[in-house]
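Working notes, structure below.
The values are calculated or read from the model by the stated rules, or taken from the named source; none is laboratory data. The structure displayed is predicted, hence computed values, not measured ones. A quick note on method: Cβ atoms are made from the backbone with ideal geometry, for glycine too, and the neighbour counts reach across all protein chains shown. The accessibility values were calculated without ligands, DNA or RNA, using every heavy atom of the protein model including side chains. Shrake-Rupley method; radii C 1.70, N 1.55, O 1.52, S 1.80 Å.
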Amino acid sequence: MEPRILAIIPAYNEEENIVSTVEDLRENAPGVDYVVINDGSKDSTGEICRERGYNCINLPVNLGLAGGFQTGMKYALRHGYDYAVQFDADGQHSAAYVLPMVRHAQETGSNIVIGSRFCAQKKPFSARMMGSALITGMIRLTTGERIQDPTSGMRLFDRTMIPLFANELDYSPEPDTIALVARNGAKVSEVQVEMRDRVAGESYLNFTKSISYMLRVCFSILLVQWFRKDPS
């Protein structure tokens with residue numbers, strides 16, 4: 001029996017990108033279902049989804065990435081999916097990699113597969129990549145696992161991970177939670193992917209927010225995760 005796969009698309013003010021994102025999935029990931037989580041958008045993201053008949057959950061307020069992603073994981077759990085993949089609405093992820101990530105999970109027994117820009121390529125030199133390298137080092141120090149692209153937003157979760165991320169309030173799709181589940185025995189692996197530049201709109205991560213994010217994640221990996229419970 002073929003596995004049931006759900007692409008979770010958190011979307012906040014992505015009116016310029018949502019159509020190309022969904023159509024990319026429809027064309028290049030055959031058999032993969034999707035749900036758009038319209039995270040309290042102030043633009044016409046919700047209207048576009050409704051007009052085009054997209055499978056969409058409209059949140060009345062903006063919950064942020066963690067809340068939008070958890071909404072999608074609750075949907076995946078309720079509908080009995082075998083795999084759920086986090087898929088950004090900004091057009092940077094390519095749907096052509098979704099099924100190869102599923103195959104990799106099946107072949108390796110991985111609980112989480114990260115679509116990595118750097119498992120087969122060297123990281124470019126920049127302040128943001130230095131922060132990514134620092135997070136990689138923190139995860140290696142605390143778990144023994146080397147994750148080359150810990151900040152990648154393209155992540156596949158198997159059916160053992162879906163209930164955790166659906167039901168645990170502090171399980172967000174961030175590197176510190178990935179480190180936590182790895183330390184508690186989850187198998188995390190990476191496959192090489194290519195990511196596109198954002199076509200339209202603006203990322204919420206400017207330089208200052210990027211530095212703050214990296215420092216917060218490193219602090220959480222080194223200290224906070226040791227006080228978080230293992231729900232298993």
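A few comments on the model shown:
- Total residues in segment 75-98, condition surrounded by 17 or more Cβ atoms within 10 Å (Cβ to Cβ) and either of a type in the set (Lys, Arg) or assigned to a helix (DSSP H, G or I) (or both): 6
- Residue among Gly68, Gly53 that is touching a strand residue (DSSP E or B) at 6+ places or on another chain (Cβ under 9 Å) and either farther than 19 Å from Leu164 by Cβ or of a type outside the set (A, V, I, L, M) (or both): Gly68
- Cβ separations smaller than 8 Å between residues 6+ apart or across chains give the following pairs from segment 130-143 residues that are closer than 17 Å to Lys187 by Cα to residues that are modelled with pLDDT under 85 and part of a helix (DSSP H, G or I): Ile139/Ile221; Leu141/Leu222; Thr142/Ile221; Thr142/Leu222; Thr142/Gln225.
- Scope segment 177-232; condition within 25 Å of Tyr12 (Cβ to Cβ), hydroxyl-bearing (Ser, Thr, Tyr) and either modelled with pLDDT of 80 or more or open to solvent by less than 90 Å² (accessible area, probe 1.4 Å) (or both); matching residues: Thr177, Ser203, Ser210, Ser212, Tyr213, Ser220
- Within segment 155-176, the set of residues being outside any loop (DSSP other than H, G, I, E, B), open to solvent by 10 Å² or more (accessible area, probe 1.4 Å) and closer than 23 Å to Gln92 by Cα comprises Asp158, Asp176.
- Residue that is nearest to Arg117 (Cα to Cα) [pool: residues in segment 137-154 that are open to solvent by 60 Å² or more (accessible area, probe 1.4 Å) and either out of contact with any helix residue (DSSP H, G or I) (no Cβ under 6 Å at 6 or more places or on another chain) or part of a helix (DSSP H, G or I) (or both)]: Arg140
- Asn55, sole failed condition from (1) buried (at least 21 other Cβ atoms within 10 Å of the Cβ); (2) over 19 Å from Gly115 (Cβ atoms): (1)
- Of the criteria (1) in contact (Cβ under 8 Å) with a residue 40 or more places away in the chain; (2) more than 19 Å from the chain's Cα centre (by Cα), which one Arg52 fails: (1)
- For segment 14-34, taking the residues that are of a type outside the set (Asp, Glu) and open to solvent by 60 Å² or more (accessible area, probe 1.4 Å), the one that is nearest to Tyr83 (Cα to Cα) is identified as Gly31.
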